[in-house]
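First the structure, in the form of structure tokens, and then the observations on it.
No lab work stands behind these numbers, since they all come straight from the coordinates. Keep in mind it's a predicted model, so treat the numbers as computed, not measured. Positions of Cβ are backbone-derived with ideal geometry, glycine not excepted, and every protein chain shown enters the neighbour counts.
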Amino acid sequence: KAGVTQTPRYLIKTRGQQVTLSCSPISGHRSVSWYQQTPGQGLQFLFEYFSETQRNKGNFPGRFSGRQFSNSRSEMNVSTLELGDSALYLCASSLARGTGGYTKNIQYFGAGTRLSVL
Amino acid sequence: QQQVKQSPQSLIVQKGGISIINCAYENTAFDYFPWYQQFPGKGPALLIAIRPDVSEKKEGRFTISFNKSAKQFSLHIMDSQPGDSATYFCAANRVGGSEKLVFGKGTKLTVNP
């Protein structure tokens, strides 16, 4: 079974540009969460999608947005990039959300997209 | 507000030694406490997890100890190996509520041969 796939693996952008990152969850998983990882702040939650609806959002500005498609694939978008947006962006998927016990809520991470803003 | 505090930030252990990483949480609603292992260039991978109704869970050389009253949990790696060298993150969330994982800042473990 394929794991969580994130594309692209690396991105270089300049300030003011926008970027779209893609995440394909494990087959059958319906919940997708996004995290930002930086050396200073560690892993911080961005948002979570389930059944094409955003269920939870972290403490990030409105420049960060996302969506989920009917096949559970998800994208996140960052507009008007700033230098501080340079980070590893991680996507995680889980089978269920809140039901079915702990096992079905385990989050599996992709390898991430390394974004560098110059 | 950081809700999960992890220590130490870095840890160097000799091969065969015991590695111990500690975490403390604030939110008493948390009911799921996973540990993730991350190698350079990879995403975090679930290592072991515990629920608050259990005080200890062991999987191979990895053991989680959980102290509900102190709101603390720790990861013990017995017989540490150079291949265990990675960054370890503790995390917590409330299953059935917010699905977001709140992570500790991470511990970079180096196991010397």
Worksheet entry | Karplus (6.51, -1.76, 1.60) ³J(HN,Hα), θ = phi - 60°, over the stretch A:15-28, in Hz, Gly and Pro reported as x | 3, x, 6, 10, 9, 10, 10, 10, 9, 10, x, 4, 3, x
Worksheet, complete the sentence: Per-residue average of other protein chain Cβ atoms inside 10 Å, peptide A:36-44 -> 4
Discussion item. Filter B:57/B:105; B:5/B:100; B:15/B:42; A:57/B:100 down to the pairs with a C-alpha to C-alpha distance above 20 Å, please.
Written reply: B:57/B:105; B:15/B:42
Worksheet item: Can you put A:47, B:62 in order, fewest other beta carbons within 10 Å first?
Response: B:62, A:47
Worksheet entry | Inter-part distance where the stretch B:1-60 and the stretch A:8-84 are each reduced to a Cα centre, Å | 25
Worksheet item: Using the eigenvalues of the Cα gyration tensor, what equivalent ellipsoid semi-axes result for chain B when each is taken as the square root of five times the eigenvalue, whole Å, largest first?
Response: 23, 15, 12
Fill in: Fewest-first ranking of A:33, B:55, using other Cβ atoms within 10 Å as the exposure measure
B:55, A:33
Worksheet entry | Dipole moment magnitude, nearest 20 debye, the protein assembly as shown about Cα centre, only Lys, Arg, Asp, Glu C-beta charged | 200
Practice prompt. With label points built 7 Å along Cα→Cβ from the Cα atoms of residue B:39 and residue A:118, find their separation and express it in nm.
Written response: 3.1
Fill in: Sequence-separation-based contact order of chain A, relative, with Cα cut under 8 Å and 6+ spacing, percent
35
Worksheet item: Normalised by the residues of chain B, what does the relative contact order come to in percent, with Cα pairs under 8 Å and at least six apart?
Response: 37
Response to the item:
Rounded to one decimal in nm, the spacing of the 7 Å Cα→Cβ label points at residue A:18 and residue B:94 is 3.5
Item to complete: Compute the distance in nm between two label points, each set 7 Å from the Cα along the Cα-to-Cβ direction, one at residue B:18 and one at residue A:27.
Response: 4.4
